[in-house]
1. For the stretch 434-472 and the stretch 510-550, what is the separation of their Cα centres, given in Å?
2. Give me His455, His387 ranked fewest to most by other Cβ atoms within 10 Å of their Cβ, as a rough exposure proxy.
3. What's the magnitude of the charge dipole for the chain around its Cα centre, counting Lys and Arg as +1 and Asp and Glu as -1 at the beta-carbon? Answer in Debye, nearest 20.
4. If you restrict to DSSP beta bridges whose two residues both lie in the chain, what percentage is antiparallel, to the nearest 5?
5. Fewest Cβ neighbours within 10 Å first, please rank Glu156, Glu576 accordingly.
6. What is the log10 of I(q)/I(0) for the chain, computed with the Debye formula using one identical point scatterer on each Cα and no solvent, at q = 0.05, 0.09, 0.10 Å⁻¹?
7. Exposure proxy check: Met71, Met529 ranked by fewest other beta carbons within 10 Å?
8. Would you mind listing how long the stretch 10-160 runs along its three principal axes, going by Cα atoms, in whole Å with the largest first?
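Rule-based calculations on the coordinates, nothing more; no lab input. Bear in mind the structure is a predicted one, so any value in this text is a computation, not a measurement. So basically every Cβ, Gly included, is an ideal-geometry build from the backbone, and we count neighbours across all protein chains shown.
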Amino acid sequence: MFAAQPSMENRNIAAIFYETADLMEIRGDDPFRIRSYRRAAEAVEGLGFRLADVAADTRKLLEIPGIGKGMAANIQQIVREGNFTLHEELLQKYRPSMLELLKIQGLGPKTIALIWDAFQICDLEGVEKLAREGKIRELPRMGEKHEQKILKGIEEYRRISGRFLLDTAERTATKLREFLSAMPGVDQITAAGSLRRGRDTVGDLDILITGPCCADERLDPLLDRIVTFPGITEILAKGDNKVSFKLRGGMQVDVRTLKPESYGAALQYFTGSKNHNVSIRQRALKMGYTLSEYALTRIADGARIAGATEQEVYAALKLDYIPPELRENQGEIEAAEQHRLPRLIEVDDIRGDVHMHTVETDGRCTIEEMIDAARERGYAYMAITDHSKNLAFANGLDDTRAAEHVRRIREAASRSEGIRVFAGIEVDILADGELDLSASVLDEMDLVIASVHSHFQQEPQQMTERLLRAINGGHISILGHPTGRILLRREGYDFDLDAVMQAAARHNVAMELNAYPDRLDLCDRHLKMAKERGVKIVINTDSHHTSHLEKMRFGVVQARRAWLTPEDVLNTLPAEAFAAAMRKHLQVEVTAG
Ligand code: DGT
Ligand code: CA
Ligand code: CA
Ligand code: ZN
């Protein structure tokens, strides 16, 4: 009886719960109930097995943290019927377009409910029209300023919609690769384009395929197979060696098949960026060649110079091989010509991850579980850094609990071999720049990450002073996710980043590169800026579950895009040197005093 929805994956179940929570929020339901759906969604997403396969076994469901009796019954109904009662009820009352509105900055659930009650309008175009007509400002607790903010939010949303987070794009590419690699005669399947360059968001997927099967003039079997990929909603174009389609969720995929002798030239071409390619082609012309997606060819006699691999294309152009992350036409071609491309940081250079949460606040695993997972990844060290009390919904720590937590971390550390465990904290920077815990407790810590989690809307000057005060105070080691941006959802807060970086450099406060794919904060551009100003970087995952530790690689890719080397990143240091770097800000204060 549980086979009715065989296609129900964990992520589909999670999506239903997330949507339910969002719609409940619009309806004004009890926050604790709403939270239980979000927690269930997170739990389902983080599972290592397929829920649909075990859904019949209620006991097994109840073993999952965050899943109680009611939620287990919901899961069973979803697996059986494709949905569950509350979600259906909510979708009947509201409409799916309302969920899109929630993604717009300035439109929270309360505002959306207010607009719905007054006008029965709940779609993007409708709300935009109301705002332009000045009708939203007349609603209770609204005003012209809020209305302008909504319009700005809609504009911003249009700009980013149609793009996807790096990990989402990568997951789809991996699935497609697994799906196609079983085809006879396929040797290589590579995702090119912005995904290969590691851009923080990806527009569409550019997939290149080669192998003996692609040498055949009749590619129909391969293309016929491709269009059976699960989740395709629309075939946009189909040619002799190319097919484009749209997937559920809106992602577009362009697939091209290539003869092996052209694979390198095509990989070079479709990796981009466009600006890099323009410069590379100009260089080829100056050398008497033309470069196309098929080959590098000598103009004089039409001889084929290179094309099977990217390496031979770059070599023929008298350039060192340029890693995809650098191909943005930002000086990489000159550097490759002069053999001075940097030795970019790699995942294996990272010796520790020092931002993670546990069940003590809003994480989902224990101290011990996080330690075991970090050790398994081969790290030399790690840090537990839970939240402070200002983050009430995350059950943040006050002084007493923080001190107690440090004791427990140290206890767990003393029991764990093979990895050094630092006791840390992610302390909130309050609205005025004060830290959320007392100095004496902070100075107990091996490292202190300080982050902004509230009052994002302060005037730029106030926000700058707030951050400067936190940095100058002498208690913090790392400024966490420094701009506060959430990709595809909200921009970072407005402040004078240059001034903050200069202060950080002066006080030996490092800046975080938060590797979580929806943050990637600092971004590549800002990382470059930090390097120029002498600010050291720490790449962290901000893990809330052991399964998040692997997100480190997304951070490393951004660091590579910023030309960073291992020397620029503190958590490439051995444990002892890293620990010293985390306390350097204190020494500055002492010697300066
Ligand atoms: P995206 O998809 O917006 O995240 O960014 P890309 O870089 O993946 O761009 P996309 O998908 O339009 O094209 C993939 C690559 O193909 C691009 O990076 C460079 C190459 N390409 C596409 N169109 C052109 C073009 O008109 N001229 C040149 N030189 N290269 C192009
Ligand atoms: Ca693309
Ligand atoms: Ca494309
Ligand atoms: Zn944080």
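1. Cα centres, the stretch 434-472 to the stretch 510-550: 18 Å.
2. On the way: His455 14, His387 25.
Listed from fewest to most nearby Cβ atoms, that is His455, His387.
3. On the way: 79 positive and 91 negative charges, 193 e Å.
Its charge dipole is roughly 920 debye.
4. Values: 24 of 56 bridges.
Restricted to the chain, the bridges split so that about 45 percent are antiparallel.
5. Details: Glu156 16, Glu576 11.
Starting with the residue having the fewest Cβ neighbours, the order is Glu576, Glu156.
6. -0.25, -0.84, -1.04
7. Values: Met71 22, Met529 17.
The most exposed by this proxy come first: Met529, Met71.
8. 55, 28, 24
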